[in-house]
Amino acid sequence: MERFVDLTLGGVSSGFATAAIALSLVLIWRSTHVLNFAQGGMALICAYIAFTVTQHSGSYWAGFAAAIGSGIVLGAIIERGLIRLVENKPPLNAVIVTLGLFILLEGIAGMIYGVGQRSFGYGFDFHGYKIGSNRVAFAPADMFAVVSVIGVAAVILLVFRYTAVGLRMRAAAFAPEVARMLGVRVGRTLTLGWALAGGVGALAGMLTAPPFLSPNALDLLFISGFTAAVIGGLDSAIGAIVGGLLLGLALSYISGYVTSNLSSISAFGILVAVLLVRPSGLFGHDTTRRV
Amino acid sequence: MLEIESLATSYGAVQALRSVDLSIEEGSITAVLGANGAGKTTLLRTITGLVRATAGRVLFRGREITGLAPEDVVRQGLAHVPEGRGVIAELTVEENLRLGALWRRDTAGLKADLAAMYGLFPPLAQRRAKRTETLSGGERQMLAIGRALMSRPTLLLLDEPSLGLAPRITAQIMGLLRERRNETGLTVLLVEQNARSALSVADRGVVLNLGRVVADEAAAVLAADANLRHAYLGF
């Protein structure tokens, strides 16, 4: 029973980081209908930037802020500089561009920092909370993961639903041409969508990187995040959160009760199973739309 | 108000507009008529900047708008209701309406205009929080027109507003256009397949055929010209 509780708590914590990557993928999918395979690489670069800033300033939070900031800037630059070039081209072009970018970003990280592991700190204590005389597998650092991801998701949902910027972004996503005819500067909303996604992705990277950072450290995070986004239906923010949580729990149980070597294979297995049984995901809208 | 000078547009090798000249007077209702493929929709889309002109120019209130992006054209006071209405199904009625005026800076005026639209189209007021999937065809057309009016345009372009609507609803929409013109001085450029109902409301009729203007007359003259009617308008 105690083991079950620990695995559940561990699953919740990693599930929220997964949810954040899934959310960033959903943001990009909704705004530009591109599956951003570079999301993991972008988060990786941001984590390394945090590493460097923290090393020089001595402050974890200065590094954290730098990571989120550079995620936002990186997202905007990639949309303007690369994605805009493949807009209105066959979808495969965007897939290849983001895949290539992923390899490039990982390569850059390796060139600058080497392929070895760098120690990467936590923002909060990583020793589990004490309940009675026992420590549970849930620490203040995990609590931060849960609270920050829920907070960010809630803010994004509220902005999308209740503000003028959010209305513009939704209109641009659903009907770009009509939106332009109504005066929406669609190019800007797409850049904003990518910038937002870059920031959320950087948060996921910051939550997942510790204790060690290496150029491949976030690969599993991306695979899980991708799976979670598909489970959630790719165009639903709430779906991404639920998908991330479900996947985090599933992987935690599998690695706890079976073997931890199965984690990445299981993520792929679940992805295939979901695509077979429910291709539009749990929360996805039907692909057919009434016009 | 709107001057179109030797405007030409092509899709690849296909010439959709061949040197169209047209002058629209302020406060007038002009119907652009013609068969499928005559270039009616292309004409509107070229004016709004959705399609790039290959030659010629468009002047709106004395300023050249050729080559301007649609999001800038609408800021000049020109609203375009597209073919098929362009109502965004995933948004609510009120969100669709607000979208029409988001670029405007005066938020107070926006609120007043929203209330005015609900006054103009009572069925929309009852469904303001509903997604537009639940609306009938006529209600969607009202929403599309209301949304365009939210930008306080001086010129309204309408592409086939009668499409898929019952004759009674079409008459209602046409009546509304005339009423807007009489009350606010709105200028209307109307593209229609349904020539009879368009000419019933228009001051002037322009007939396009294969991308060229083949007739440009007062609406009554056009409706009385049996040859033209038989050749191009089908009634």
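Return the residue satisfying two criteria in turn: it lies in the range A:112-147 and is of a type in the set (S, T, N, Q) and within 16 Å of A:V5 (Cβ to Cβ), and of such residues it is farthest from the chain's Cα centre (by Cα).
Among those that are of a type in the set (S, T, N, Q) and within 16 Å of A:V5 (Cβ to Cβ), it is A:S133.
A quick yes/no check of all residues on (1) assigned to a helix (DSSP H, G or I); (2) more than 9 Å from every other protein chain (Cβ to nearest Cβ); (3) under 11 Å from the mean Cα position of the chain (by Cα):
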| residue | (1), (2), (3) |
| --- | --- |
| A:R168 | yes, no, no |
| A:G183 | no, no, no |
| A:L190 | yes, yes, no |
| A:G198 | yes, yes, yes |
| A:A202 | yes, yes, yes |
| A:S224 | yes, yes, yes |
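So which residues in the range A:65-85 are touching a helix residue (DSSP H, G or I) at 6+ places or on another chain (Cβ under 8 Å) and within 14 Å of A:G193 (Cβ to Cβ)?
A:G71, A:I72, A:L74, A:G75, A:A76, A:I78, A:E79, A:R80, A:I83, A:R84
Would you check which residues across the range B:61-78 are of a type in the set (D, E, K, R) and within 11 Å of another protein chain (Cβ to nearest Cβ) and list them?
B:E71, B:D72, B:R75
Against the definition (out of contact with any Cys (no Cβ under 8 Å at 6 or more places or on another chain) and either part of a helix (DSSP H, G or I) or of a type in the set (F, W, Y) (or both)), how does A:A67 come out, yes or no?
Spelling it out, it is not the case that A:A67 is out of contact with any Cys (no Cβ under 8 Å at 6 or more places or on another chain) and either part of a helix (DSSP H, G or I) or of a type in the set (F, W, Y) (or both).
Need a quick list: strands (runs of 3 or more DSSP E) entirely within the range B:169-235 having at least 2 residues that are at pLDDT 90 or above, of a type in the set (V, I, T) and within 30 Å of B:R152 (Cβ to Cβ).
The strands (runs of 3 or more DSSP E) meeting that bar are B:187-192.
Check A:I78, A:I83 and return the single one that is within 20 Å of A:I49 (Cβ to Cβ) and either buried (at least 21 other Cβ atoms within 10 Å of the Cβ) or in contact with a His (Cβ under 8 Å, 6 or more places away or on another chain) (or both).
The unique qualifying residue is A:I78.
Based on this model, can you work out whether A:A179 counts as buried (at least 21 other Cβ atoms within 10 Å of the Cβ) and at the interface with chain B (Cβ under 10 Å from one of its Cβ atoms)?
So A:A179 fits the description; yes.
Just one of (1) within 14 Å of another protein chain (Cβ to nearest Cβ); (2) not in a helix (DSSP H, G or I) trips up A:P215, so point out which.
Unmet condition: (1).
For A:F174, state whether it is within 14 Å of chain B (Cβ to nearest Cβ) and surrounded by fewer than 23 Cβ atoms within 10 Å (Cβ to Cβ).
yes
Can you tell me which residue within the range A:113-143, out of those that are part of a helix (DSSP H, G or I) and in contact (Cβ under 8 Å) with a residue 40 or more places away in the chain, is nearest to A:L27 (Cα to Cα)?
Looking at the filtered set, the residue picked out is A:D142.
Could you run through the range A:144-163 and say how many residues are farther than 20 Å from B:L91 by Cα and either crowded, with 18+ Cβ neighbours inside 10 Å or touching a residue at least 40 places away in the same chain (Cβ under 8 Å) (or both)?
8
So that you can scan it fast, the table gives a plain yes or no per residue for (1) of a type in the set (S, T, N, Q); (2) at pLDDT 95 or above; (3) buried (at least 22 other Cβ atoms within 10 Å of the Cβ):
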residue	(1), (2), (3)
A:R3	no, no, no
A:L9	no, no, no
A:S14	yes, no, yes
A:I21	no, yes, yes
A:R30	no, no, no
A:L35	no, no, no
A:Q39	yes, yes, yes
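Are any residues in the range B:146-168 within 14 Å of chain A (Cβ to nearest Cβ), in a loop (DSSP other than H, G, I, E, B) and either closer than 21 Å to B:A198 by Cβ or β-branched (V, I, T) (or both), and if so, which ones?
B:P153, B:L163, B:G164
Can you tell me which residues in the range B:22-80 are under 24 Å from B:L233 (Cα atoms), of a type outside the set (A, V, I, L, M), touching a residue at least 24 places away in the same chain (Cβ under 8 Å) and part of a strand (DSSP E or B)?
Answer for the range B:22-80, where residues must be under 24 Å from B:L233 (Cα atoms), of a type outside the set (A, V, I, L, M), touching a residue at least 24 places away in the same chain (Cβ under 8 Å) and part of a strand (DSSP E or B): B:T30, B:H80.
Between a residue in the range A:47-66 that is of a type in the set (A, V, I, L, M) and any residue that is not in a helix (DSSP H, G or I), which pairs come within a Cβ distance under 6 Å, given they are 6 or more apart or on different chains?
Pairs that qualify, where the first residue is of a type in the set (A, V, I, L, M) and the partner is not in a helix (DSSP H, G or I), are A:A47/A:A209; A:A47/A:L213.
Suppose we filter A:A237, A:A204, A:A229 for residues that are closer than 27 Å to A:R3 by Cα, in contact (Cβ under 8 Å) with a residue 60 or more places away in the chain, in contact with a Leu (Cβ under 7 Å, 6 or more places away or on another chain) and not hydroxyl-bearing (S, T, Y); which single one remains?
The conditions single out A:A204.
Can we say B:G39 is of a type outside the set (S, T, Y), on the phi > 0 side of the Ramachandran plot, buried (at least 21 other Cβ atoms within 10 Å of the Cβ) and more than 14 Å from chain A (Cβ to nearest Cβ)?
Spelling it out, B:G39 is indeed of a type outside the set (S, T, Y), on the phi > 0 side of the Ramachandran plot, buried (at least 21 other Cβ atoms within 10 Å of the Cβ) and more than 14 Å from chain A (Cβ to nearest Cβ).
So B:L102 fits all but one of (1) more than 30 Å from B:V206 (Cα to Cα); (2) away from chain A (no Cβ under 11 Å); what number is the exception?
Condition not satisfied by B:L102: (2).
The values are calculated or read from the model by the stated rules, or taken from the named source; none is laboratory data. Predicted model only: the values in this text are computed from it and were never measured. Cβ: placed from backbone, ideal geometry, glycine included. Neighbour counts: every protein chain shown.
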